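Take a look at the structure set out below.
The values are calculated or read from the model by the stated rules, or taken from the named source; none is laboratory data. For clarity, every value in this text was computed on a predicted model and none was experimentally measured. Ideal geometry is used to build each Cβ from the backbone, glycine not excepted, and the neighbour counts take in all protein chains shown.
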Amino acid sequence: MERPWGFFAWLVMSRTASDWRKVTEMVRIGRALKGYLAGMPAGLGLVVFFVQIALGIALFAIFQEYVTEELGKGDAWPGILIGGYGGARFISETPTGAISDRIERKLGILAGFTFIALAIALMALVKNEYAFLGCAVMMGVGTAFLWPATYAISADLYPAARRGAVIGFLNVGQLAGFGLGALVGASLVGPAPQLLFVIAPACVAAAFVCALVGIPTYRTQRLFGRVRHQSRPSMRAVMTPRIAALSGLILVATVSLYMIVPAIRPLGQDQIGVSFFTLTVALAPGLLLGAALYIPAGRFSDRYGRTLPFFAGQALLVAGMLTAAAASSLWVAAAAGWVIFIGNVCCVPAYNAAIMDLAPPSHRGTLIGLTVALSGLGLGIGPLLGGFISQEASPAAVFRVAALLSTVTGVAIVLYGRHFGAARGPIEEFTWAEPERPAPGG
């Protein structure tokens, strides 16, 4: 009788030891992750994450699937709506960036959330494509308040040698939030589309609360305080040929990337023969992989300069787009999408940090707003071109034209680096540098 009891005791102790080893390993991984993310702006990251869930639902599920299936509109309308959103961003982001230079950055972010929440609420009430276009414009204005202030906070509070990593961290929240919103939206847009108009405003409200709590009022110590700069150089002195050239590269890069957005759904349905939801699920691992690589990509740009990762990203985009254009199976198309995600991950921290390096504190919001506005213009032009080409030719043609533009961008990046110099490290042009302040939320 002793042997079974002894065996039972050995089994329990072995299981307990195994569980203890798992707990110890999880604690070790948690400590390593905490050390890896030390000094990152956690509060600002949560703000970005929650608002991106709402934007993922709106831009990916509502504008693409809901409008075509529930409102019965053609394939051109998703491009029109995303184009209206991007066009509004382009028009608004430089002025809103200039406003953020004169007020607390936090106030500009809260104003943007108000516009976004109002737009989604109106879409829930009015089922008309032209009303949706007006709401898309309103969302674009709201996003125009958000990003110049968010990136300017990063430039204000972090030194040049860490800006790429910080931008990468924020892009993790951006991509993870947008991916989660797209996945939730794709899963609900068929069986329960009205839930989209509940979840999205709730996420905007969560972002609003996180901004109130997690972002400091570090410029004037008051939410509604006004910032006055002791010495403010003219915009002409700040807008150097280098910034102008970099801005042009960002514009062409974003046009080529966003061209493919309205072609994703018809490529899956017409060329591969899968549903919108199935394609979204297949692309989800690429989003996770991209999110995991954002911080390493940012740190790479901090160490080796901004030009090299920007060029590498364009090369990956070309490879992914051409593969997607020729794909005839779900997993080939999904793998191509993953490569496209990784290419974008290489580019975004590099070119955003490059602009931050060159922008003086007195004009950070303005110049970052201009950069983000060019991204918004790309988001306006790209989907319009992509939607037109998809409707008149084929979804595969959209990917091929986008690959051609990315090739042109890559060549231009090489010429940019040869002319202005590809420094192996962050660009040091800080004649207007301000003292570093505590980071928001971390």
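A few notes on this one:
- In region 395-409 there is at least one residue matching the filter, namely being crowded, with 24+ Cβ neighbours inside 10 Å, at pLDDT 90 or above and under 21 Å from Ser301 (Cα atoms).
- If only residues of region 320-334 that are buried (at least 17 other Cβ atoms within 10 Å of the Cβ) and farther than 17 Å from Ser275 by Cα are counted, the one that is modelled with the lowest pLDDT is Ala325.
- Helices (runs of 4 or more DSSP H) fully within region 226-341 counting 1 or more residues that are of a type outside the set (A, V, I, L, M, F, W, C), in contact with a helix residue (DSSP H, G or I) (Cβ under 9 Å, 6 or more places away or on another chain) and within 25 Å of Gln174 (Cα to Cα): 241-258, 276-304, 307-326
- Test: residue in region 122-130 that is buried (at least 22 other Cβ atoms within 10 Å of the Cβ), farther than 20 Å from Ala205 by Cβ and over 17 Å from the mean Cα position of the chain (by Cα): no
- Flag for Thr407 being closer than 20 Å to Phe90 by Cα and in contact (Cβ under 8 Å) with a residue 24 or more places away in the chain: no
- Among residues that are touching a residue at least 24 places away in the same chain (Cβ under 8 Å), over 21 Å from Ala161 (Cβ atoms) and in contact with a Cys (Cβ under 8 Å, 6 or more places away or on another chain), Gln314 is included.
- Among (1) surrounded by fewer than 20 Cβ atoms within 10 Å (Cβ to Cβ); (2) part of a helix (DSSP H, G or I), the one test that Thr220 misses: (2)
- Members of region 120-149 found to be of a type in the set (A, V, I, L, M) and without any contact (Cβ under 8 Å) to a residue 40 or more places away in the chain, listed by number: Leu122, Leu125, Val126, Ala131
- Entry remark, region 171-204: residues being outside any loop (DSSP other than H, G, I, E, B), more than 19 Å from the chain's Cα centre (by Cα) and of a type in the set (Gly, Ala, Ser) number 2 in total.
- Among the candidates Tyr294, Tyr304, residue that is more than 23 Å from Leu180 (Cβ to Cβ), modelled with pLDDT under 90 and either surrounded by 22 or more Cβ atoms within 10 Å (Cβ to Cβ) or hydroxyl-bearing (Ser, Thr, Tyr) (or both): Tyr304
- Against the criterion of being closer than 30 Å to Leu188 by Cβ, out of contact with any His (no Cβ under 7 Å at 6 or more places or on another chain) and β-branched (Val, Ile, Thr), Val332 qualifies.
- Qualifying residue in region 245-262 (condition: in contact with a Leu (Cβ under 9 Å, 6 or more places away or on another chain), surrounded by 21 or more Cβ atoms within 10 Å (Cβ to Cβ), in contact (Cβ under 8 Å) with a residue 24 or more places away in the chain and over 30 Å from Met356 (Cα atoms)): yes
- Residue in region 411-422 that is free of Cβ contacts under 8 Å to residues at least 60 places away in the same chain and either touching an Asp or Glu at 6+ places or on another chain (Cβ under 9 Å) or of a type in the set (Gly, Ala, Ser) (or both) present: yes
- Lys106 being touching a helix residue (DSSP H, G or I) at 6+ places or on another chain (Cβ under 9 Å), charged (D, E, K, R) and modelled with pLDDT of 85 or more: yes
- Qualifying residue in region 154-167 (condition: among the polar types (S, T, N, Q), assigned to a helix (DSSP H, G or I) and more than 16 Å from Val372 (Cβ to Cβ)): no
- Pick from region 361-384, criterion touching a Leu at 6+ places or on another chain (Cβ under 8 Å) and surrounded by fewer than 24 Cβ atoms within 10 Å (Cβ to Cβ), ranking: nearest to Pro262 (Cα to Cα): Gly378
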